[in-house]
Amino acid sequence: MQHIASWSGGKDSTASIILAHEHNEPLDLIIFSEVMFDENTSGELPEHIDFIKNKAIPIFESWGYEVKILHSQKTYLDCFHHIATKGKRIGRKLGFPMSGRCLINRDCKMPQIRKFLNEINEEFTQYIGIAVDEPVRMERIANSGNKISMLEKYGYTEQMAFDLCKKYDLLSPIYDFAPRGGCWFCPNAKYAELKHLRTNHKDLWDKLLKLENEPELIGHKWNILTNTSIHDWEERLYWEERQISIFDFI
Ligand code: SF4
């Protein structure tokens, strides 16, 4: 029986690995699925992927764990530029994914995890990072057969998982400015994440602005559900920045 941890670098899945380490639980492999924006650009925020590759993985390896980074065949841009072949919008590019029904998770994150697990020739148990105070998610894994939550086993809430990561200096820098991680182009991103992206990663921000200028997209705005464009955010954040400068000046 193999024991495999699914790891995103977030506090819950990281705390699961720390608990396995602390309690000498069997753990053969840690898998991390990296969504890519394009062939060369990670879909993870630069500081998060740096944390994953240059801080967390070396620590896990020093604890004796093997870590594998998985990549899908498809990138965000492959999905964005995909041409619809049926329906009313045939011949048009898919454009921005819809929040709530994100194709990026389906096409760029999960396939390689499924493929990897399908190719394992022996029985395995998966460690999933779900805390005891997430009853809905917990219920979902209860009937899944081979999934175990280390956080449940050791009675860890989300806050306790956060504190444990902090204690081991294994908290991703994303928690300095946002309560959640995710792709930097995520349509579910909130004010703090968007502001962080625009302030600290203008090159990535500009890529989104540029994509939104493309004509005839099916998903023609960054967030279709809320009818919000990245240009709307650009305007808001631009003026906020100007206001701060005027107040600083006064
Ligand atoms: S973080 Fe957002 S964009 Fe990335 S897979 Fe999840 S829902 Fe989709």
Among the residues of region 156-184, the number that are out of contact with any Phe, Trp or Tyr (no Cβ under 6 Å at 6 or more places or on another chain), within 29 Å of Asp107 (Cβ to Cβ) and part of a loop (DSSP other than H, G, I, E, B) is 8
Expected single match for without any contact (Cβ under 8 Å) to a residue 60 or more places away in the chain, in contact with a helix residue (DSSP H, G or I) (Cβ under 7 Å, 6 or more places away or on another chain), under 30 Å from Lys221 (Cβ atoms) and assigned to a helix (DSSP H, G or I) among Cys108, Cys79 is Cys79
Taking first residues from region 177-201 that are within 13 Å of the ligand (Cβ to nearest atom) and second residues anywhere that are part of a helix (DSSP H, G or I) and hydroxyl-bearing (Ser, Thr, Tyr), the pairs with Cβ under 8 Å that are 6 or more apart or on different chains are Cys183/Tyr76; Phe185/Tyr76
Checking Glu66, Glu39 in turn, the sole residue that is charged (D, E, K, R) and more than 23 Å from Ile130 (Cα to Cα) turns out to be Glu39
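In region 37-48, which residues are surrounded by 13 or more Cβ atoms within 10 Å (Cβ to Cβ) and either without any contact (Cβ under 8 Å) to a residue 24 or more places away in the chain or not in a helix (DSSP H, G or I) (or both)?
Passing the criteria: Phe37, Asp38, Thr41, Ser42, Gly43, Glu44, Leu45.
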The condition of being closer than 23 Å to Glu134 by Cα and modelled with pLDDT under 95 holds, among Asn227, Asn223, Asn188, only for Asn188
Per the list (1) surrounded by fewer than 18 Cβ atoms within 10 Å (Cβ to Cβ); (2) out of contact with any Leu (no Cβ under 9 Å at 6 or more places or on another chain); (3) touching a residue at least 40 places away in the same chain (Cβ under 8 Å); (4) farther than 26 Å from Leu29 by Cα, residue check on Gly100 breaks on (2)
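The values are calculated or read from the model by the stated rules, or taken from the named source; none is laboratory data. Remember, predicted model here, so these are calculated numbers, not experimental data. FYI the Cβ positions are ideal-geometry reconstructions off the backbone, even for glycines, and counts take in every protein chain you see.
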